[in-house]
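A.B. asks: Could you have a look at this structure, given as structure tokens, before my questions?
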Amino acid sequence: MKPFERTLTTSRQIILALILMCTIQSCAIKVSEKNIILVDEQLLLLGEEDLLKIGNIRPNLTIQSLTLPRTDGNKAKGLWIKQPDSNAVIIYFSGNSMRIKEQYAEFLPHLLALNTDVVWLDHRGIGSSEGEPTMENLLSDGIATYNYVLQNTNKKVILHGLSLGSFIAGKIAQHENVKGLILEASATNANDWINGMIPWYAEPIYSINIEEQLKTAGNESVVQVYANPLFVLVGEEDEVTPAELSKKLYELSISKNKNIYIAKGLKHGNALKSEETKTLLRQFIQTI
């Protein structure tokens, strides 16, 4: 089982544990940030060997290690990877509990195939970044990262969010004048997102009680105000954030330059691995 698949399995196990607390009769499942957004017990740092492997993914890469201080004193760590002749930077907001050290071999080749620079930091509390992850903290961190990149490049800046990361990217786009937005394996709202983690056979015996802080998750409200270029992407066989949710986001979007692609035969978090996906995204980036 691949690392990202293990992450998804862990998230589902937490939900299943909550379901098991129910009796045979119907009950309410209380879903909070603490039982959805996972945290590492210790840092997982990138080493010199990792940087060498990343440098071999494509020719002539320039790899810069990033350490960004947050307002509460914690530090976020990650990478800024630059490519020759690139005219854009993608800030990549990864999925729940994705760690750069564990996932770079699986995801960076596809991200770099878009011919852009890539900025990727571990979410706080995960991988090499310090702090406690809450939706509020993740959004604040995301805006700080976005502003840092804007101040340190003359290239166009595009946000690409996967799953949980799509909620961060979307909320930034709602607050800032983001030039381009890619929402991958996203969801309309918190209720739909949580429902995607709950097996069908449990539906008759539960009701969801979502913590207030978690209700901000979702991009339904974002696409109804964000008017700049948008690309919605999802795997055809995504069972966590089903394609129907991405279709709804596309339909609700007010953007004049909006696109949607459903990658055939691919599951949650894998849509970028399609060659057709990468071709379409390269074309989309050229329109921004």
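A.B. asks: Where both residues lie in the chain, what percent of DSSP beta bridges are antiparallel, nearest 5? Intermediate results must be reported in sequence, preceding the final value.
C.D. replies: On the way: 12 of 42 bridges.
Rounded to the nearest five, the antiparallel share is 30 percent.
A.B. asks: Work out from phi, with θ = phi - 60° and the Karplus expression 6.51 cos²θ - 1.76 cosθ + 1.60, the ³J(HN,Hα) of each residue of region 248-264, listed in order in whole Hz, and give x for Gly and Pro.
C.D. replies: Those phi angles translate into 5, 4, 4, 5, 7, 5, 9, 5, 7, 10, 10, 9, 9, 9, 10, 6, 4 Hz.
A.B. asks: May I ask which residue of 90, 164, 140 lies farthest towards the positive end of the charge dipole of region 80-193, with charges of +1 (Lys, Arg) and -1 (Asp, Glu) on Cβ and the Cα centre as origin?
C.D. replies: 90
A.B. asks: Can you tell me the dipole magnitude for region 47-155 around its Cα centre, using point charges on the Cβ only (Lys, Arg +1; Asp, Glu -1), in Debye to the nearest 20? Walk me through the numbers on the way to the answer.
C.D. replies: Values: 10 positive and 13 negative charges, 47 e Å.
Using Cβ point charges on Lys, Arg, Asp and Glu, region 47-155 gives about 220 debye.
A.B. asks: Under the rule of at least 5 residues apart or a separate chain, name every residue whose amide H is placed under 5 Å from the amide H of residue 180.
C.D. replies: 159
A.B. asks: Moving on. Which percentage, to the nearest 5, of the DSSP beta bridges contained in region 105-236 is antiparallel? If you can, show how the numbers build up before the last one.
C.D. replies: On the way: 0 of 9 bridges.
Taking every DSSP beta bridge with both residues in region 105-236, the antiparallel ones total about 0 percent.
A.B. asks: Using only DSSP helix segments of four residues or longer, with each worth -39500 (n - 2.57), what per-residue ellipticity at 222 nm results for the chain after dividing by its residue count and rounding to 500?
C.D. replies: Details: 9 runs with 100 residues, N = 288.
Roughly -10500 deg cm²/dmol at 222 nm, from the helical runs in the chain.
A.B. asks: Which residues in region 114-133 have a backbone N closer than 16 Å to a point placed 7 Å from the Cα of residue 65 along the Cα-to-Cβ line?
C.D. replies: In region 114-133, the label zone of residue 65 (backbone N under 16 Å from the point 7 Å along Cα→Cβ) covers 120-122, 127-130.
A.B. asks: Let me ask something additional. Can you list the aspartates and glutamates whose alpha carbon is less than 18 Å from that of residue 156, not counting same-chain residues fewer than 8 positions off?
C.D. replies: 85, 117, 176
A.B. asks: What aspartates and glutamates sit close enough to residue 75 to cross-link, taking a C-alpha to C-alpha distance under 13 Å and skipping anything fewer than 8 places away on the same chain?
C.D. replies: Filter leaves 122, 130, 132, 141.
A short reminder: the numbers here are calculations on the coordinates, not readings from a lab. On a predicted model such as this, the values are computed, not experimentally measured, just so you know. Glycine also receives a Cβ, built like all others from the backbone with ideal geometry; neighbour counts cover every protein chain displayed.
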